Amino acid sequence: MKKLIFATGNQGKLREIREIMGDLGMEILSTKEAGIDLSVEENGTTFRENAVIKASACAAALPSDMDAIVMADDSGLEVDALNKEPGVYSARYMGEDTSYRIKNRNLVERLEGVPVEKRTARFVCAIAAATKDGQVFTTEGTIEGKIGYEERGENGFGYDPIFYLPDMSRTTAELSPEEKNAISHRGNALRAMKEIIRSNLKK
Ligand code: ITT
């Protein structure tokens with residue numbers, strides 16, 4: 001069976017990826033599980049560029065006898081009132097090892113006094129799929145929301161507790177995994193990639 005290897009060390013992403021890609025009928029492994037130990041510098045300026053950098057570098061490092069597609073997710077939060085920060089630096093914002101409790105509180109503090117109509121934000125997710133022979137496909141998904149006034153919810157990961165969806169009156173951390181995946185940036189980008197894999201890559 002052809003393997004689908006995800007070049008990510010983020011367990012929150014990996015959980016969602018497994019939930020969304022599970023019905024492809026392929027074995028899904030993280031790079032660590034596939035025995036690939038590679039640290040890739042994300043020096044692109046867009047989500048798409050970084051996803052391609054990660055997926056291509058790992059595809060090039062695949063053992064020659066491994067039949068696999070390597071995928072990578074580069075994603076982040078764009079806050080309009082902060083000039084789209086933290087953007088591609090979402091994981092590195094305030095330092096990679098700083099807890100999300102601190103990062104989330106900092107973002108809420110930076111928006112003090114910003115009225116609700118100007119608290120618009122979005123999650124963006126770019127997915128890249130690369131093969132050993134140099135083919136690369138990309139997709140992108142977004143979800144629009146607002147930065148809340150406090151953290152709410154225990155589900156999801158990262159910035160989910162402050163990402164408020166006015167239509168649902170909940171943050172993405174208050175949605176069940178199924179509810180989040182059905183509408184999220186990652187769900188949208190991965191569903192588009194599933195179609196590409198089904199028609200171009202799954203043999
Ligand atoms: P890999 O590069 O190993 O995949 P990473 O966490 O470093 O893991 P990114 O560079 O793509 O990944 O950074 C994405 C960050 O954006 C992530 O760490 C979260 O802080 C945030 N983010 C992305 N999607 C999110 C989501 O669905 N919910 C909450 N935060 C999210």
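Can you give me the number of residues within segment 1-30 that are in contact with a Phe, Trp or Tyr (Cβ under 8 Å, 6 or more places away or on another chain), farther than 14 Å from I197 by Cα and aliphatic (A, V, I, L, M)?
Residues that pass the stated criteria total 3.
Report the residue count in segment 99-131 for those that are assigned to a loop (DSSP other than H, G, I, E, B) and more than 16 Å from the ligand (Cβ to nearest atom). It would help to see each step written out before you state the result.
Within segment 99-131, the subset assigned to a loop (DSSP other than H, G, I, E, B) is 99, 111-115, 119, 131.
If we keep only those that are more than 16 Å from the ligand (Cβ to nearest atom) as well, we get 111-115, 119, 131.
The qualifying residues number 7.
Taking into account only those residues within segment 144-200 that are in a helix (DSSP H, G or I) and of a type in the set (S, T, N, Q), which is farthest from the ligand (Cβ to nearest atom)? If you could, list the steps in order and put the result at the bottom.
As a first pass, look at segment 144-200 and keep what is in a helix (DSSP H, G or I): 160-162, 172-174, 177-183, 185-200.
Now restrict to residues that are of a type in the set (S, T, N, Q): 172, 181, 188, 199-200.
Details: T172: 6, N181: 10, N188: 11, S199: 25, N200: 23 Å.
Residue satisfying both the conditions and the ranking: S199.
Name the one entry in R105, R18 that is open to solvent by 50 Å² or more (accessible area, probe 1.4 Å) and touching a strand residue (DSSP E or B) at 6+ places or on another chain (Cβ under 8 Å). Spell out how you get there, then give the answer.
On the way: R105 fails: touching a strand residue (DSSP E or B) at 6+ places or on another chain (Cβ under 8 Å).
Sole residue among the options that is open to solvent by 50 Å² or more (accessible area, probe 1.4 Å) and touching a strand residue (DSSP E or B) at 6+ places or on another chain (Cβ under 8 Å): R18.
Scan segment 25-79 for residues that are open to solvent by 20 Å² or more (accessible area, probe 1.4 Å), of a type in the set (D, E), within 11 Å of the ligand (Cβ to nearest atom) and modelled with pLDDT of 95 or more and report the count.
Matching residues across segment 25-79 total 1.
The values are calculated or read from the model by the stated rules, or taken from the named source; none is laboratory data. In this text, all values refer to a predicted model and were calculated from it rather than measured experimentally. So basically every Cβ, Gly included, is an ideal-geometry build from the backbone, and we count neighbours across all protein chains shown. Accessible surface areas use protein heavy atoms only, side chains included; no ligands, DNA or RNA. Shrake-Rupley method; radii C 1.70, N 1.55, O 1.52, S 1.80 Å.
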